[in-house]
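All remarks here apply to the structure that follows.
The values are calculated or read from the model by the stated rules, or taken from the named source; none is laboratory data. None of these values were measured; they are calculated from a predicted model. All Cβ positions, glycine included, derive from the backbone under ideal geometry; neighbour counts span all protein chains shown. Ligands, DNA and RNA are excluded from the accessible area calculation, which covers all protein heavy atoms including side chains. Shrake-Rupley method; radii C 1.70, N 1.55, O 1.52, S 1.80 Å.
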Amino acid sequence: MKKNPIKFITIFILIVLSLGLGINYVKADSGWDSSYDSGRSSSRSSSSSRSSSSSSWSSSSRSSRSSSTGNYSGNAVEEMAWFFLIYFGSVGIFCGILFIFSLKKDRKSTKVYQPVNDKLFEEYGLNKEMFLLMAQEKYKQIQIDWMNFNYDGLKDNLTDELFNQYNMNLATLSSKGEKNIMENMNVLNCFATNFKLENNILSVKVYIKVRQKDYVVDINNKVVRGNKHTVNEMEYLLTFVKKNSDEEVKCPACGNIIKGTVSEECPFCRNKLVVNPQDFVMSKKTVISQRRI
């Protein structure tokens, strides 16, 4: 009696789904910008595939010898053909998935960023060296505050929108009893790529290239994601914003004078205020590329 190949196709689909579900792509870094991907796990999976493949070859050799002496029927040969087709098809898809995710370990950008003309700094009343130093220091401080769950520090250096995003991410880390460790931060390059003045808000985009260690530990200080011995080289595009004048802001509820920081609460009526930032704060951080050193 001829067997229906649908059951073999069903097994094939289940194998592919199980392989896909086994892959976990987790983001990291302050705000979860960089990515963790364990090369050792991939290596073990590949090795497992090779040993499994080798044992299957060995098994198939034995089956082949048995078939020559045991005189398999036509149905048995057909089932064996379906088995090899499904098995090697699954292995091929699995290897393809591993290859695709291995490419995601190192995210690269084809766009080339160039520094702006120095005259733009003068045009907007900025000292180039002081501004770029500020950008580097703020980047490092934000990473440190993220690592130490320093919400006040983050609030001082981020816009409300970005602070709220970081706040939610830190709440997730805290609920799991985990901590994102950022170590040995070393800035390799830093320059402004764009100036924009709109609605009295000065926005400056800054390219920054850094090397740092970035991993996650649990409550027992055991590494649960990343590798404490691996150095990541990251390229970011940071956006800093600042109010372009020194005018004071009045509370619309009681008329109290409020300093133009990103977010303040009126000390008199406790009304929540969202005002333009007086000092530069980071409004956005975009990963350009990432690679392991």
Checking W146 against (1) within 16 Å of F240 (Cβ to Cβ); (2) under 23 Å from the mean Cα position of the chain (by Cα): exactly one of these is not met. Which one? (1)
When G177 is evaluated against the numbered criteria (1) under 26 Å from E233 (Cα atoms); (2) open to solvent by less than 40 Å² (accessible area, probe 1.4 Å), which criterion, by number, is the only one it fails? (1)
Cβ-Cβ under 8 Å pairs, at least 6 apart or on other chains, the stretch 162-179 side over 20 Å from F280 (Cβ atoms), far side loosely packed, with under 11 Cβ neighbours inside 10 Å and of a type in the set (K, R): none
L120 - would you say it is out of contact with any strand residue (DSSP E or B) (no Cβ under 8 Å at 6 or more places or on another chain), assigned to a helix (DSSP H, G or I) and modelled with pLDDT of 60 or more? no
Yes or no: the stretch 80-96 includes at least one residue that is among the aliphatic types (A, V, I, L, M), more than 21 Å from L237 (Cα to Cα) and either at pLDDT below 75 or touching a His at 6+ places or on another chain (Cβ under 9 Å) (or both). no
Would you mind stating whether Q141 is closer than 28 Å to D118 by Cβ, part of a helix (DSSP H, G or I) and touching a residue at least 12 places away in the same chain (Cβ under 8 Å)? yes
Go through V204, V217 for me and flag whichever is of a type in the set (A, V, I, L, M) and under 20 Å from the mean Cα position of the chain (by Cα). V217
Of those in the stretch 273-286 that are open to solvent by 30 Å² or more (accessible area, probe 1.4 Å) and at pLDDT 85 or above, the residue nearest to N184 (Cα to Cα) is T286
